[in-house]
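Comments concern the structure below.
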Amino acid sequence: MAESQTASQVSGSRESLLFWLLGLVGRARRPLLICGFLAAVVSLVISLYLPNWYASTATVLPPRESGFLGSLGTISAAIKDISPIRSLGGLSGRRESYNYLSILESRSAKEAVVRKFNLLEAYEITDSSMEKAIKELESNVDVIVADEGHVSISVLDTDPVRAADMANYYVEVLNKLSRTLSSQEAKESRVFIEKRYVLVLEDLRRAEDSLKAFQRRYGIYSLTEALSGKVLSSFVPFQKVPELTMQYFRLQRDLEIQSKLLEFALPLYEQAKVDEQRESSVALVLDWAVPAEKKAKPKRSLIVILSTLSAALLTLTFYAIWERVGELKRESPNRYAILRSVFRLRGK
């Protein structure tokens with residue numbers, strides 16, 4: 001019973017509020033019309049003075065792996081595992097897209113664009129501040145990595161041709177910086193693999209020298225001779241034959257291990273030298289930016305609508321306050337006097 005009464009009270013209060021709002025709109029219709037019309041006219045005039053901005057978008061896709069790394073999966077995986085740094089310009093996929101995002105949002109890329117298109121003058125930056133130019137450029141550039149992996153570079157500018165040229169130049173900067181980083185990575189990988197290759201060669205030489213010295217001393221030149229023990233028996237006491245046989249096995253095993261390591265390290269080293277000299281793959285351009293035919297902003301109709309609605313809302317608010325103050329003056333002069341003294345209101 002109590003719940004039904006509460007629900008009816010809430011419903012009644014909502015209806016009362018709705019009728020009050022409708023009555024307020026009806027009483028304030030004249031100021032609403034005047035203020036709304038003035039706001040629409042003023043906002044339209046102001047929007048006409050705002051410059052038109054045009055958007056151009058270039059879309060790129062990371063390249064696929066090619067060549068040696070693409071054809072030999074095992075060696076490719078090994079190179080990636082032992083490389084001291086991960087690829088910034090040679091790997092494909094979503095990770096490469098985010099590497100492109102990092103390059104495009106780097107200060108080096110932004111400074112290159114600012115200098116190329118003289119944005120200090122275009123953005124009317126009088127104190128020649130590179131920081132201000134970069135911040136202004138950042139507000140006009142949007143780089144998005146799509147779920148499919150491609151990267152979109154959108155540029156806003158008051159000149160549609162310059163907007164397209166800037167977006168396309170971003171692609172050039174992306175490829176240039178990507179090549180530089182890939183070359184740096186390839187060099188560091190080559191140096192790292194070269195050190196390992198030289199170390200394997202040294203270990204192999206030591207294993208060969210150790211085995212050769214053992215063979216010369218005891219006259220064993222094959223596993224068959226070591227297993228038979230006949231040659232050893234003629235040079236050393238019989239009780240030392242097992243120990244020397246085991247020592248020969250170990251020397252032979254070390255030699256085989258180092259030989260296998262050399263077989264594995266040599267193609268890695270040769271490929272690392274090739275990668276250092278080879279030009280890295282560039283981003284695949286799906287769409288070059290073209291000058292926009294229609295402006296992207298300002299949206300004048302939206303500006304006028306929002307300004308008119310805002311003016312109407314403010315008008316209703318002030319009218320409601322004005323009515324409440326008038327009611328307070330009639331119904332409670334003492335409270336009105338206090339309110340007037342606080343806010344220094346003038347009587348009618």
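The values are calculated or read from the model by the stated rules, or taken from the named source; none is laboratory data. This one's a predicted model, so the numbers in the text were calculated from it and none came from an experiment. Positions of Cβ are backbone-derived with ideal geometry, glycine not excepted, and every protein chain shown enters the neighbour counts. Surface accessibility is based on the protein's heavy atoms, side chains included, excluding ligands, DNA and RNA. Shrake-Rupley method; radii C 1.70, N 1.55, O 1.52, S 1.80 Å.
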Original post:
Checking Phe68 against (1) modelled with pLDDT under 50; (2) part of a helix (DSSP H, G or I); (3) closer than 30 Å to Asp142 by Cα, which test does it fail?
Top reply: (3)
Subject >> Top-ranked residue of region 256-283 - restricted to ones that are open to solvent by less than 80 Å² (accessible area, probe 1.4 Å) and not in a helix (DSSP H, G or I), ranked as modelled with the highest pLDDT >> reply: Ala283
Original post:
Using beta carbons and a limit of 8 Å, which pairs, at least six apart or on different chains, have the first residue in region 47-76 and under 14 Å from Ala164 (Cα atoms) and open to solvent by 50 Å² or more (accessible area, probe 1.4 Å) and the second one at pLDDT 50 or above and in a strand (DSSP E or B)?
Top reply: Thr57/Ser152; Thr57/Ile153; Thr57/Ser154; Thr57/Val155; Thr57/Asp287
Subject >> Which numbered condition Glu194 fails, given (1) of a type outside the set (A, V, I, L, M); (2) touching a Lys or Arg at 6+ places or on another chain (Cβ under 9 Å); (3) closer than 30 Å to Leu104 by Cβ >> reply: (3)
Original post:
Looking at (1) in contact (Cβ under 8 Å) with a residue 40 or more places away in the chain; (2) in a helix (DSSP H, G or I), which is the one condition that is false for Ile153?
Top reply: (2)
Original post:
If the Cβ limit is 9 Å and pairs must be 6+ apart or interchain, which residue in region 22-40 that is touching a residue at least 40 places away in the same chain (Cβ under 8 Å) pairs with which residue that is surrounded by 13 or more Cβ atoms within 10 Å (Cβ to Cβ) and of a type in the set (Asp, Glu)?
Top reply: Leu24/Glu323; Arg27/Glu323; Ala28/Glu323
Original post:
On the given criteria, is Ser47 in a helix (DSSP H, G or I) and under 45 Å from the mean Cα position of the chain (by Cα)?
Top reply: yes
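Residue-wise test of (1) open to solvent by 30 Å² or more (accessible area, probe 1.4 Å); (2) hydrophobic (A, V, I, L, M, F, W, C); (3) modelled with pLDDT of 90 or more; (4) out of contact with any strand residue (DSSP E or B) (no Cβ under 6 Å at 6 or more places or on another chain).
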residue: Phe117; (1), (2), (3), (4): yes, yes, yes, yes
residue: Ile134; (1), (2), (3), (4): no, yes, yes, yes
residue: Leu137; (1), (2), (3), (4): no, yes, yes, yes
residue: Ala146; (1), (2), (3), (4): no, yes, no, yes
